[in-house]
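Please read the structure below before turning to the comments.
The values are calculated or read from the model by the stated rules, or taken from the named source; none is laboratory data. Here the structure is a predicted model, which is why all the values come from computation and not from measurement. Cβ: placed from backbone, ideal geometry, glycine included. Neighbour counts: every protein chain shown. Side chains included, ligands, DNA and RNA excluded: accessible areas come from the protein's heavy atoms. Shrake-Rupley method; radii C 1.70, N 1.55, O 1.52, S 1.80 Å.
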Amino acid sequence: YPLEHPEEMDWSFAGPLGTYDRGQLQRGLKVYKQVCSACHSLDLVAFRTLSDLGYSEEQVKAFAAEYEIEAGPDNDGNMYMRPGIPSDYFPAPFENPEQAAASNNGAAPPDLSLMAKARGITRGFPTFVFDIFTQYQEGGPDYIHALLTGYEEPPEGVEIPAGTYYNPYFANAASLAMAPPLSDGIVSYDDGAPETVDQYSRDIAAFLMWTAEPKLEDRKQTGLVVMVFLVILAVLVFLTKKSVYARKH
Ligand code: HEM
C-alpha cells in the first residue's frame, strides 16, 4: 500500500455526464511525446485514434509521419524504417523488457496504455456503494497525478535502495526506479495553460485516462439513456400492475 493516499482531483471526465477536455488531452499527448515516451511505451494506442483529441486527418497524418516505424528486414536482413502512418501504433522506446530494464537500474518502465485503469484503486466501504452510482473511476488519474507531483526527500532515518527515488504515493514501495520526470517549464504549451509540474501531471493523467478508456464519453451517455429508459419502464410497469390487479366491482 502507498504511504499516502492520492489527493482527489476535479476531473472534467468525472461523474455521469463527464466529458474529456480536448485541450487538456492535447497537452497531455505533448507531455507524453516529449517526456514519458523516452522510457514508456504506449503499445495499445494507434495514431489514427488521435482524431478523438480533436485533430484533423491531416494533423494525424503529419503527427504519425514524425515517427520512424520498423518496416521489416530488407533483402540483406537489415531492418529498414519508414515514416509512420495513421494505422501504426506508438513505437516502444526499447526493443524488449530486458533492454528496458537494463537502461533503468533493473526496473522496466511499464507500458502506459492502461495505467490509469491498472492503478484505479477502489475505495472501501461505504464509499464504493455510492461510487457505483456516481461512476467513480478517477482513482487512476488521481494516482498518476499524485505520483508525479509527490517526490520528496526521504524522511530522517529512512534508507532507500540505491538508484531509487522516495515517493510516498508509489503503490508498491516507498521509493521507485523512476527519477522525477517533470520539472517546471520543460514542455511548452501554446494555449496559455501554466507550464508547471502540477499542470503537466494533470494533463498527462487525463491523457492516460483517455488512452485507457477512449470510449468513456459514449459509455456515460449510453448509461444515462439507459437510466432514463429504466425509470420510464418502471413507471409503465407500475401502472400496468395497478391496472391488471385493480379490483373490479
Ligand atoms: C514507472 C508514469 C516518465 C522510468 C512509472 C509508473 C507510472 C509512470 C504511472 C508506474 C508506477 C506504478 O507502478 O505504480 C510516467 C509518466 C512519465 C514518466 C506519466 C512522463 C511524465 C518516465 C521517464 C523514465 C521513466 C522519462 C525514464 C527516464 C520509469 C521506470 C518505472 C516507471 C523505470 C518503474 C519504476 C519501478 O517500478 O520502480 N512511470 N513516467 N518514466 N517509470 Fe515512468
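Give me the number: length gained by fully extending Ser87 to Ala118, i.e. 0.36 nm times residue separation minus the C-alpha to C-alpha distance, one decimal in nm.
8.6 nm
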Dimensionless Rg ratio for the range 116-217, taking C-alpha atoms and the 2.2 N^0.38 Å reference: 1.25
Between the range 153-167 and the range 42-85, the alpha-carbon center distance in angstrom: 40 Å
The range 184-240, accessible area per residue, ligands and nucleic acids excluded (1.4 Å, Å²): 56 Å²
Solvent-accessible surface (1.4 angstrom probe) belonging to His145, in square angstrom, nearest 10: 10 Å²
FRET E, pair Val228, Ala46, Förster distance 25 Å, beta-carbon r, rounded to 0.05: 0.15
Residue-level accessible surface for Phe229, protein heavy atoms, 1.4 Å, Å²: 120 Å²
By accessible area with a 1.4 Å probe, ligands and nucleic acids excluded, highest first: order of Leu17, Leu112: Leu17, Leu112
Accessible surface of the chain, 1.4 Å probe, proportion on carbon and sulfur as whole %: 58 percent
Cross-link pairs Lys61/Lys117; Lys215/Lys242; Lys33/Lys215 - those with Cα-Cα distance over 32 Å: Lys215/Lys242
Cα pair distances of the chain binned at 5 Å [whole percent]: 1, 5, 10, 14, 16, 14, 11, 9, 6, 4, 3, 2, 2, 1, 1, 0, 0, 0, 0
Length gained when the stretch Asp184-His5 is fully extended (0.36 nm per residue, less Cα-Cα span): 62.1 nm
With all protein chains modelled, accessible area of Asp21 [1.4 Å, Å²]: 70 Å²
Helical mean residue ellipticity (222 nm; -39500 (n - 2.57) per DSSP H run of 4+; nearest 500) of the chain: -12000 deg cm²/dmol
Helix 22-34 axis, angle to the chain major axis (alpha carbon atoms, nearest 10°): 30 degrees
Loop-located GluC sites (Glu not before Pro) in the range 148-227 whose Cβ has at most 11 other Cβ within 10 Å (DSSP): Glu156, Glu159
Under 15 Å, Cβ to Cβ, from Val197 - net charge with Lys/Arg +1 and Asp/Glu -1: -3
